[in-house]
1. Could you please give the count of residues in region 83-97 that are touching a helix residue (DSSP H, G or I) at 6+ places or on another chain (Cβ under 8 Å), more than 11 Å from residue 47 (Cα to Cα) and at pLDDT below 95?
2. Which one of the conditions (1) assigned to a helix (DSSP H, G or I); (2) of a type in the set (S, T, N, Q); (3) modelled with pLDDT of 70 or more; (4) open to solvent by less than 40 Å² (accessible area, probe 1.4 Å) does residue 55 fail to meet, given that it meets all the rest?
3. Among the residues of region 65-77, is there at least one that is open to solvent by 50 Å² or more (accessible area, probe 1.4 Å) and at pLDDT below 95?
4. Quick check: anything in region 42-51 in a loop (DSSP other than H, G, I, E, B) and either touching a helix residue (DSSP H, G or I) at 6+ places or on another chain (Cβ under 8 Å) or open to solvent by 70 Å² or more (accessible area, probe 1.4 Å) (or both)?
Amino acid sequence: MNRLLLAFVLALSALAPAQAGLFDKNPDQVAQEAVSKNLRAVTLWVDASWGFRNQGAANALSRAHQAFTTRGYDVVSVEPYIENGDLQGFFVTYQKP
């Protein structure tokens with residue numbers, strides 16, 4: 001299931017090269033870029049491999065949610081990515097209503 005999700009996200013990024021670079025930036029930059037490009041939906045990678053996985057990941061998700069909600073986006077999905085039993089991060093998708 002996780003491999004299928006990763007393959008799907010990678011396939012989407014290949015179809016939309018303008019969005020491919022969004023995975024390397026902080027949430028405020030991604031949200032601002034999404035607004036400036038008038039993107040209806042955005043998928044963001046939130047890394048959970050640095051620091052404490054429970055609170056660090058929660059804080060990172062909160063920052064991402066705040067960056068996007070202040071710009072008019074809603075959370076569509078939060079999909080964890082687990083590799084070899086370890087949480088690596090989350091694919092978070094936001095969409096304009």
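The values are calculated or read from the model by the stated rules, or taken from the named source; none is laboratory data. Keep in mind that this is a model prediction, so the values were computed, not measured. When we count neighbours, we look across all protein chains shown, and the Cβ atoms used for this are built from the backbone with ideal geometry, even at glycine. Accessible surface is based on the protein model in full, side chains and every heavy atom, while ligands, DNA and RNA are left aside. Shrake-Rupley method; radii C 1.70, N 1.55, O 1.52, S 1.80 Å.
1. From region 83-97, those touching a helix residue (DSSP H, G or I) at 6+ places or on another chain (Cβ under 8 Å) are 83, 87, 89-92, 94; that's our starting set.
Now narrow it down to the ones that are more than 11 Å from residue 47 (Cα to Cα): 83, 94.
In the following step, the residues that additionally are at pLDDT below 95 were identified as 83.
Residues that pass the stated criteria total 1.
2. That leaves (4) as the condition not met.
3. Kept after step one, since they are open to solvent by 50 Å² or more (accessible area, probe 1.4 Å), are these residues of region 65-77: 65-66, 69-71, 74-76.
Checking which are at pLDDT below 95 leaves us with none.
Looking through region 65-77, none of the residues is open to solvent by 50 Å² or more (accessible area, probe 1.4 Å) and at pLDDT below 95.
4. Start the filter on region 42-51 by keeping residues that are in a loop (DSSP other than H, G, I, E, B), which leaves 48-51.
With either touching a helix residue (DSSP H, G or I) at 6+ places or on another chain (Cβ under 8 Å) or open to solvent by 70 Å² or more (accessible area, probe 1.4 Å) (or both) added as a condition, the list becomes 48, 50.
The answer is yes; a qualifying residue exists.
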